[in-house]
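This report concerns only the one structure given below.
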Amino acid sequence: MTLQWTAVAFFLYVEIGVLLIFCLPFISPKRWQSVFRLGIWNRLAGFWNKGFLTMIIILIVLFLDAVREVRKYSGAQTGKDSKLHPNMFDHLHMKLFRAQRNLYISGFSLFLWLVMRRVVMLINQLATALLNGAALQTQTDGANEAAKKYMEDNELLKQALEDGVVDKGSAEAKVELRKEVQKLSEDLENAREGG
């Protein structure tokens, strides 16, 4: 293999290794997101898009070069010189094999480079969704506790009105209590609708 194809093959193996590490089930998306938010990545963020596009262009150029080589050696036929060079047929097939190998290496490298970027974005989105879900759960629990408190207060006020604990001669107190019961009932309904 020439140096360029050795580098592309190494790049392919690194991509496979990184994607396998991303797929480890015991590392949560929240942990990956914390790794992605390290200070070093913030410093490299300005270069990330340029580096990504540069790698895409390099891999596309190498892919097109490999396609050209495969087409060149696929159409090559042994001619009159094959009698002069008995290993010509084997030599052509060896070059075709190398061209096809280079095509597969560059094609898979290009594909996995795009997949790796998408996996990183999906991991970040999943971690954000998990954090939002936890925040919504906390908010829902708080609304449920407030609704239970309002229901208990409402029951206590109704019980106080029915038992006559409130001074029966004081109509103003009854009106005040009814207003408070009405207000608590409205708050309870709002909490039920919001939660």
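Taking first residues from region 33-59 that are closer than 30 Å to Asn132 by Cβ and partners that are in a helix (DSSP H, G or I) and open to solvent by less than 60 Å² (accessible area, probe 1.4 Å), the Cβ contacts under 6 Å between residues at least 6 apart in sequence or on separate chains come to Gln33/Asn124; Gln33/Ala127.
For region 1-17, a tally of residues being open to solvent by less than 50 Å² (accessible area, probe 1.4 Å) and farther than 15 Å from Tyr104 by Cβ returns 1. When region 96-120 is filtered for residues that are crowded, with 19+ Cβ neighbours inside 10 Å and closer than 30 Å to Ser28 by Cβ, the ones remaining, listed by number, are Ser109, Leu110, Leu112.
Does region 116-123 contain at least one residue that is closer than 30 Å to Glu69 by Cα, at pLDDT 85 or above and touching an Asp or Glu at 6+ places or on another chain (Cβ under 9 Å)? So far as region 116-123 goes, yes, one or more of its residues are closer than 30 Å to Glu69 by Cα, at pLDDT 85 or above and touching an Asp or Glu at 6+ places or on another chain (Cβ under 9 Å).
The values are calculated or read from the model by the stated rules, or taken from the named source; none is laboratory data. Everything quoted here is computed from the prediction, not taken from an experiment. Neighbour counts are summed over all protein chains in view; Cβ atoms, including those assigned to glycine, are modelled from backbone coordinates with ideal geometry. Accessible surface areas use protein heavy atoms only, side chains included; no ligands, DNA or RNA. Shrake-Rupley method; radii C 1.70, N 1.55, O 1.52, S 1.80 Å.
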